[in-house]
Every structure is written in C-alpha cells, then in structure tokens.
Amino acid sequence: MRPDDAFAVFRLLDHANDLMAHAGEVCDWAALDVVAAWVLAGDVAAGSASVPVELPSSVEGCLDAAVKRVLEWDTGTLAPSARALVDVLLAVDLGAGGA
C-alpha cells in the first residue's frame, strides 16, 4: 500500500457517504456497507498525510475508484483493519435490494 492510498480510499468513501446522504439512491443494506467501509478506512488512514484526491460525482464512481486502489494492496502484509476494509469494500453491492 502506498502511503497516500489509505487517505485516498478514506476520502473517496467519505465523499460517497456525502453523496448518499443527499441523493438517497443507494439501498439501505448497501449504504450500511459503504458506511462500514468508511469507518474502517478512517482507522486505516489515521495518521496518513492528506493528499489531493479526484472525487467522482457518483457513489458508484467513488466505490470503483476505492476498489481499484485496494486491489493493488498486498493483503498478506496488511494490518487486520486494512484487510477488513478490503473485504467489506469488495462486498459492497449497490444493486442489493431493501431500499
């Protein structure tokens, strides 16, 4: 994981949460997964330097960008909270029912 990756993933998920709060397009179950990933990303990014991050204009775009970053991480070398973040982020299903 590059030093700026943790902050970038956190920022992308933070923006996704902002978009969800205003758009209301994401079903309840998927929204819970996004929030869980955001909380984990905050833990992983704690102490990381702030870096500029290009923020997509949709929840899906934010999640896609975050997933692309975590797929580059070597999960064998990650701390437990970072591994949990990867697992939760990869499990998010924006098409899940229950809205």
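The values are calculated or read from the model by the stated rules, or taken from the named source; none is laboratory data. Owing to the predicted nature of the structure, the values given are computational and were not obtained by experimental measurement. Counting neighbours? That spans all protein chains shown, and the Cβs are built from the backbone with ideal geometry, glycine included. The accessibility values were calculated without ligands, DNA or RNA, using every heavy atom of the protein model including side chains. Shrake-Rupley method; radii C 1.70, N 1.55, O 1.52, S 1.80 Å.
This table checks each residue for (1) out of contact with any strand residue (DSSP E or B) (no Cβ under 6 Å at 6 or more places or on another chain); (2) modelled with pLDDT of 90 or more; (3) among the hydrophobic types (A, V, I, L, M, F, W, C).
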position	(1), (2), (3)
D33	yes, no, no
V39	yes, yes, yes
A49	yes, no, yes
L71	yes, yes, yes
P80	yes, yes, no
L89	yes, yes, yes
D93	yes, no, no
A96	yes, no, yes
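Restricting the search to the stretch 59-89, which residues are among the polar types (S, T, N, Q) and either open to solvent by 40 Å² or more (accessible area, probe 1.4 Å) or under 19 Å from A30 (Cα atoms) (or both)?
Hits for the stretch 59-89 are T75, T77.
Suppose the filter is under 15 Å from D93 (Cβ atoms) and in contact (Cβ under 8 Å) with a residue 40 or more places away in the chain; does A37 pass it?
yes
Note down all Cβ pairs under 9 Å where the first residue falls in the stretch 49-60 and is more than 9 Å from A8 (Cα to Cα), the second is among the basic types (K, R) and not in a loop (DSSP other than H, G, I, E, B), and they're at least six residues apart or on different chains.
Close Cβ pairs (under 9 Å, with a partner that is among the basic types (K, R) and not in a loop (DSSP other than H, G, I, E, B)) amount to L55/R11.
Could you run through the stretch 90-99 and say how many residues are open to solvent by 40 Å² or more (accessible area, probe 1.4 Å), in contact (Cβ under 8 Å) with a residue 60 or more places away in the chain and in contact with an Asp or Glu (Cβ under 7 Å, 6 or more places away or on another chain)?
3
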